[in-house]
Structures are given as C-alpha cells and as structure tokens.
Amino acid sequence: MNRFTIKIIAITTMLIDHMGAMLFPQAIWMRMIGRLAFPLFAWMIAQGFRYTHSRRKYLIRLLIFAVICEVPFQLAFPGHGTNVLWTLALGLTAITAWEAIEDKVLGAAAVLACGIAALALKTDYDIYGVLTIFLFHLFGDAKDRGKLAGSLLALNLIYLPVSYGLWETIFTRSDSWMILARLENVILQTLSMFALLFVFTYNGRPGPLRAKYLFYAFYPGHIFILYLIAHYGHIGVGI
C-alpha cells in the first residue's frame, strides 16, 4: 500500500468520523471507523519529516493552515479546543527537536514540552496526539513494528483512562452508567490501533499522485460543508 492510498483512507475515515459527530451522533459505528484517521495522519507527519525537502517549510505550511482551519473548526465544534493541525505541527516540532538535540534526556524533555503545549492550547488529541506522532517517528522502521505496536498500546492503556476520567469516576462515584460511559470512550479510542493494519502494509512508494495539498484543502472544506448541512439543514447537532 503506497502513501497516496493511505492518505485517501485517512481522509475518508476522517470524513466518516465527522459525519458521525455532526450529522449522525447516534451512529457509533461511524465514530468507530473514524478512530483510524488520526493515527494515519500521525504516521504521515512522521513520514513527511523523513522525506520532505524542507522541514522548516513543512512546519510553516502546517501552521498557516492551522490558522486558516480554526474558523470552520470553531463554527463546527465550539468549546472543543483548537483544530488538529496544531497537534500535527507540535508533533512535527517534537520530532524535529528530538533529532536536533544530541542529549536524549533534553530531547525527551523537548518532546514533553511540545505535548504540554498541546494541552495548554487544548488542541485536538493534545499530548496524546503529539506522543503518537513521536512514537511513529521513533519506531518508524519495519524492524521496529513490534515496538511501535507495543508502545502505542501502552500509550492508549495508560493515558486514555486518565484523560477520560475513568479512574476518577471509579474511585469517586458509584454511578455504574458513568463508569461504563468513560470505559466506552477508552475502548472507542483504543480502536485506533487497527490503523496499524494499513501502516504495516506500506510499500515505501509515494503512489500515483503526490496530492501535497489534498489534506490541507479537504480538512477545512469538509468541516465547513458539514457545519452548513447540520445547522442550516437542521440535522444532527444542528437540530
């Protein structure tokens, strides 16, 4: 499977996820499919770092589109922090710092600082997203597939219960329905691990089209269109 095909899969699963979130909130299967999107984009950031001709221009491009995308994102998801391009930019910054700093303790501190910045900015996927990108970079070689799968699983099992308040709910509340709701969120996001099935079939080829700006244009465009459908068609969150 080439990079172009994986990019199309990432965009398609993201569209299904956002359709579920905005138009069909009861269709949990759409959100399940949508869990595949972010890990694929995280993988593409790690690949982009490896193959881009200018990492500086790559980062600037992400930051420019992050600013552009903020308007449709806030319209569609008010109160949900900032858009995922900020997370991708911070993830790229993290792996750039990791490679540039010889002292790996300081390098790890720089990666953590990028994750904390994501938390402070309330970016989509926050520190979880930054660390996911870093792990795809750190274990990006085919020989490290086992380490990649193990580290991503550990990240999900350690971070997600804290992020979704599962432990807090278990130890401070007796409402079983609330515990099940938190557990459902953890399980739902952990389904993102299935994205590795596509990553592990990657053949190292770019594919028939580069389509460098496909995601940059598609991301704000589809969010804005779904927002118009939801709010002016009185569907889903626009009811």
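The values are calculated or read from the model by the stated rules, or taken from the named source; none is laboratory data. Quantities reported herein were computed from a predicted structural model and do not represent experimental measurements. For neighbour counting, all protein chains shown are included, and Cβ atoms are generated from backbone atoms with ideal geometry for every residue, glycine included. Quick note on the areas: whole protein, heavy atoms, side chains included, nothing else; ligands and nucleic acids left out. Shrake-Rupley method; radii C 1.70, N 1.55, O 1.52, S 1.80 Å.
Somewhere in segment 78-98, is a residue among the β-branched types (Val, Ile, Thr) and modelled with pLDDT under 95?
No, segment 78-98 contains no residue that is among the β-branched types (Val, Ile, Thr) and modelled with pLDDT under 95.
Name the residues in segment 72-114 that are in contact (Cβ under 8 Å) with a residue 24 or more places away in the chain, in a helix (DSSP H, G or I) and of a type in the set (Val, Ile, Thr), would you?
Across segment 72-114, the qualifying residues are Val84, Thr87, Thr93, Ile95, Thr96.
Collect the residues in segment 166-182 that are open to solvent by less than 70 Å² (accessible area, probe 1.4 Å) and touching a Leu at 6+ places or on another chain (Cβ under 8 Å), keeping them in residue-number order.
Leu166, Ile179
Report, by residue number, each residue of segment 166-218 that is on the phi > 0 side of the Ramachandran plot and either part of a helix (DSSP H, G or I) or touching a Ser or Thr at 6+ places or on another chain (Cβ under 7 Å) (or both).
Gly207
Keeping to segment 34-46, report how many residues are surrounded by fewer than 20 Cβ atoms within 10 Å (Cβ to Cβ) and assigned to a helix (DSSP H, G or I).
Residues meeting the conditions: 1.
Among the residues that make up segment 222-231, is at least one of them outside any loop (DSSP other than H, G, I, E, B) and farther than 27 Å from Gly79 by Cα?
no
Would a scan of segment 96-106 turn up a residue that is closer than 29 Å to Gly204 by Cβ and crowded, with 21+ Cβ neighbours inside 10 Å?
Checking segment 96-106: not a single residue is closer than 29 Å to Gly204 by Cβ and crowded, with 21+ Cβ neighbours inside 10 Å.
Count, please, the residues in segment 67-94 that happen to be open to solvent by less than 50 Å² (accessible area, probe 1.4 Å) and on the phi > 0 side of the Ramachandran plot.
Count: 1.
Within segment 190-209, restricting attention to residues that are within 17 Å of Ala142 (Cα to Cα) and of a type in the set (Val, Ile, Thr), which residue is surrounded by the fewest Cβ atoms within 10 Å (Cβ to Cβ)?
The residue in question is Thr201.
Is segment 138-152 home to any residue that is open to solvent by less than 70 Å² (accessible area, probe 1.4 Å), within 15 Å of the chain's Cα centre (by Cα) and not aromatic (Phe, Trp, Tyr)?
yes
If Ile6 passes every condition in (1) within 30 Å of Gly233 (Cα to Cα); (2) open to solvent by less than 30 Å² (accessible area, probe 1.4 Å); (3) of a type in the set (Val, Ile, Thr) but one, which one does it miss?
(1)
Condition check: more than 16 Å from Gly129 (Cβ to Cβ), touching a Lys or Arg at 6+ places or on another chain (Cβ under 7 Å), modelled with pLDDT under 90 and of a type outside the set (D, E, K, R). Does Gly204 satisfy that?
Judged against the criteria, Gly204 is not a match.
Look at Ser163 and say whether it is within 15 Å of Tyr128 (Cα to Cα), surrounded by 12 or more Cβ atoms within 10 Å (Cβ to Cβ), of a type in the set (Ser, Thr, Tyr) and touching a residue at least 60 places away in the same chain (Cβ under 8 Å).
For Ser163, the condition - within 15 Å of Tyr128 (Cα to Cα), surrounded by 12 or more Cβ atoms within 10 Å (Cβ to Cβ), of a type in the set (Ser, Thr, Tyr) and touching a residue at least 60 places away in the same chain (Cβ under 8 Å) - is not met.
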